[in-house]
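Peer 1: First the structure, which I've put down as structure tokens, then a few questions once you've had a look.
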Amino acid sequence: METTRTIYTRQDWAKDYSFKAQQGQEIEESIYWSMLDGITPRIYKKHYLTITKPDHLEDRTATYFLMGECYDHYGANNSARYMLFVKYNNKYYYGGLIEVDQVKVTRRIESIIKSL
């Protein structure tokens, strides 16, 4: 049985003023822009997808950014982790916490898109 994905909304966020979207969860567009506009991003770029899905062939790029300030230092060897946000096919997703490592970021983005 397929589970219905819920979109994380501003109302969800406002319940206790703590951001609790799950990794890979779709978020409201306004949350994406609030996070991007709140502080200069650490990284902001487009990613050309190497995966192919028949229903996604019209759009092969995803735009993503890492928040400008790290969330914590619980990565490998106590490295900084940042909140990742992804825009793909006019939808917005929270990518979870991730280190500044292009290979890890690429894998995470493609993993989220594959799960759609």
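Peer 1: Quick one: which strands (runs of 3 or more DSSP E) sit completely within segment 10-116 and have at least 2 residues that are in contact with a Cys (Cβ under 8 Å, 6 or more places away or on another chain)? Give the derivation first.
Peer 2: Values: elements: 43-48, 61-66, 81-88, 91-99.
Once the strands (runs of 3 or more DSSP E) in segment 10-116 are filtered for at least 2 residues that are in contact with a Cys (Cβ under 8 Å, 6 or more places away or on another chain), what remains is 81-88.
Peer 1: Just to verify a result, which residue in segment 7-33, among those that are surrounded by 15 or more Cβ atoms within 10 Å (Cβ to Cβ) and small (G, A, S), is farthest from D101 (Cα to Cα)?
Peer 2: The residue in question is A21.
Peer 1: Looking at segment 60-72, I want the residues that are free of Cβ contacts under 8 Å to residues at least 12 places away in the same chain and over 12 Å from Y48 (Cβ atoms) and have a partner that is open to solvent by less than 20 Å² (accessible area, probe 1.4 Å) and not in a strand (DSSP E or B) with Cβ atoms under 6 Å, at least 6 apart or on another chain. Which pairs are those?
Peer 2: none
Peer 1: Now for a separate question. Under 7 Å by Cβ, and 6 or more places apart or on different chains, what pairs join a residue from segment 5-33 that is under 23 Å from S115 (Cα atoms) with one that is among the hydrophobic types (A, V, I, L, M, F, W, C) and open to solvent by 60 Å² or more (accessible area, probe 1.4 Å)?
Peer 2: As it stands, the answer is E26/I7; I27/I7; E28/I7, since those pairs meet every condition given.
The values are calculated or read from the model by the stated rules, or taken from the named source; none is laboratory data. As the structure is a computational prediction, the values presented were derived from the model and not from experiment. Using ideal geometry, Cβ is built from the backbone for each residue, glycine included, and neighbour counts are taken over all protein chains shown. Note: areas computed on protein heavy atoms with side chains; ligands, DNA, RNA excluded. Shrake-Rupley method; radii C 1.70, N 1.55, O 1.52, S 1.80 Å.
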